[in-house]
Structures are given as C-alpha cells and as structure tokens.
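Worksheet: one structure, shown below.
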Amino acid sequence: MNWKQISEKSPRAFKHLYATLHRIEDDEVEMRRDEDVSLYEEFERDYLTAYEDSPWNWRNLYYFFDEIGLYVEIGIDKTMEAKFCYEISWEKDFDWKTTGYSDLEYTRERAEETAFERAFEILEERL
C-alpha cells in the first residue's frame, strides 16, 4: 500500500487516520506532532516500520473505516471466474451508497489495497 501517495492524495483523511491512531481529535494533530518531519514520515516511523509484516496494516483499517461509517468488504466475483472484488458502502442523505470493483488480476491482498485506497478517497470527500 502506498501510504505516501495516500497522504498526498487524501490529506484530510490521512490526518484523520493519524489522529485516530494517536487517540486525539483531528484539530489536535498539528499541536501534538513532530514538526521536523512530515505527517507521512512520522506515520512511517511510528507505525509502518514497526508493523510492516503484521496484520495491523489491513485489520485495523477495517475497524478505522467501520467507526466512521465506511464499510469495506472483500468478496468473490463469481461472474468473473471467482476473482476477488471489493465493495464499499456508506450512508448518505438517508440512503445507502455503494461502490465496488473487480478485476481478473486481483488477489485478496490487491483487492484490499485497492478498496482501502478508494475508501480514503471517499473519506477525503466527506471531510
């Protein structure tokens, strides 16, 4: 997962993830963080380096998005020879919105990565 690209493409969503991980409000981030490095560099140092091979990278993102009402699901697209797909659902204006995608090249990991990248884009639009 390209966290640097996510931090650049969806800065408010990335800031919200950072705040959630540090158990602070979004508006407290600038006061509490290391000013000598970028938000991405601090995130990389504190989380990615320590947890590169752990399930944290995926599992906690499911919980993070659940808490804000973006529900990420990974499944099988049986119409495309049983390849993995993703679906993201959220409530907007008292109606449920859904987006998703499947690809013959998707592995479970690639479907998750693509789904989380899209979820950050949706969160960025909502913030």
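The values are calculated or read from the model by the stated rules, or taken from the named source; none is laboratory data. Computed from a predicted model, the values in this text were never measured in an experiment. So basically every Cβ, Gly included, is an ideal-geometry build from the backbone, and we count neighbours across all protein chains shown.
A single entry from Ile68, Ile88 fulfils the requirement of being more than 17 Å from Ser7 (Cβ to Cβ), at pLDDT 85 or above and in contact with a strand residue (DSSP E or B) (Cβ under 6 Å, 6 or more places away or on another chain): Ile88. Within the range 8-22, does at least one residue satisfy the condition of being of a type outside the set (S, T, N, Q) and at pLDDT below 85? Yes, that holds for at least one residue.
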